[in-house]
């Protein structure tokens, strides 16, 4: 695993589009990547929003490399790098995955940071139109998890 370089930008964009996740805010300077001689196999980043909240985002693993612990390695690396609190948005079906890393689902609007309150209002409208079958969750790795070693072991 290493920090991304400018030369990784096309591969990062391709992976994110292929994964069908948000293609906005893909500045390579925030990314870490997993690379072999086959190329970039996985990527992820932490975005910092205007309200100061930090978001684990753009986590993608090449399809044929899924299930080999690459996502886990990126999540744990970024948790160690930035510490809590750390937010994320994910498809509702992925909540159990992120729970294993100490994240908890936030369902009350009053608990959300200002950025995530705005995001959820907008996302719910868009999802009703584009993907009504797809639920969206906001999760938080809380400040009470000051050490990644204090949380449950990831999948």
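Derivation of every value follows stated rules applied to the coordinates shown; laboratory data play no part. The model shown is predicted, which means the values in this text are computed figures rather than measured ones. Cβ: placed from backbone, ideal geometry, glycine included. Neighbour counts: every protein chain shown.
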Filter result for residue 45 (farther than 18 Å from residue 66 by Cβ, surrounded by 12 or more Cβ atoms within 10 Å (Cβ to Cβ) and over 16 Å from the mean Cα position of the chain (by Cα)): no
Candidate set from the range 19-38 (those that are touching a strand residue (DSSP E or B) at 6+ places or on another chain (Cβ under 7 Å) and outside any loop (DSSP other than H, G, I, E, B)); member that is farthest from residue 76 (Cα to Cα): 19
Selection status of residue 80, in contact (Cβ under 8 Å) with a residue 24 or more places away in the chain and exposed (fewer than 14 other Cβ atoms within 10 Å of the Cβ): yes
Search result, residues across the range 85-115 that are under 17 Å from residue 59 (Cβ atoms), in contact with a strand residue (DSSP E or B) (Cβ under 8 Å, 6 or more places away or on another chain) and in a loop (DSSP other than H, G, I, E, B): 101, 102, 103
Test for residue 72: is it within 21 Å of residue 18 (Cα to Cα), more than 14 Å from the chain's Cα centre (by Cα) and assigned to a helix (DSSP H, G or I): no
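Okay, residues lined up against (1) closer than 30 Å to residue 143 by Cβ; (2) in a strand (DSSP E or B); (3) in contact with a strand residue (DSSP E or B) (Cβ under 8 Å, 6 or more places away or on another chain); (4) without any contact (Cβ under 8 Å) to a residue 40 or more places away in the chain:
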site: 17; (1), (2), (3), (4): no, no, no, yes
site: 41; (1), (2), (3), (4): no, yes, yes, yes
site: 58; (1), (2), (3), (4): yes, yes, yes, no
site: 64; (1), (2), (3), (4): no, no, no, yes
Selection status of residue 118, part of a helix (DSSP H, G or I) and in contact with a helix residue (DSSP H, G or I) (Cβ under 6 Å, 6 or more places away or on another chain): no
Close pairs from the range 97-121: first on the phi > 0 side of the Ramachandran plot and touching a residue at least 12 places away in the same chain (Cβ under 8 Å), partner surrounded by 19 or more Cβ atoms within 10 Å (Cβ to Cβ) and not in a helix (DSSP H, G or I), Cβ under 7 Å, at least 6 apart: 102/141; 102/145; 102/151
The lone exception for residue 52 - which of (1) part of a loop (DSSP other than H, G, I, E, B); (2) farther than 26 Å from residue 112 by Cβ it fails: (2)
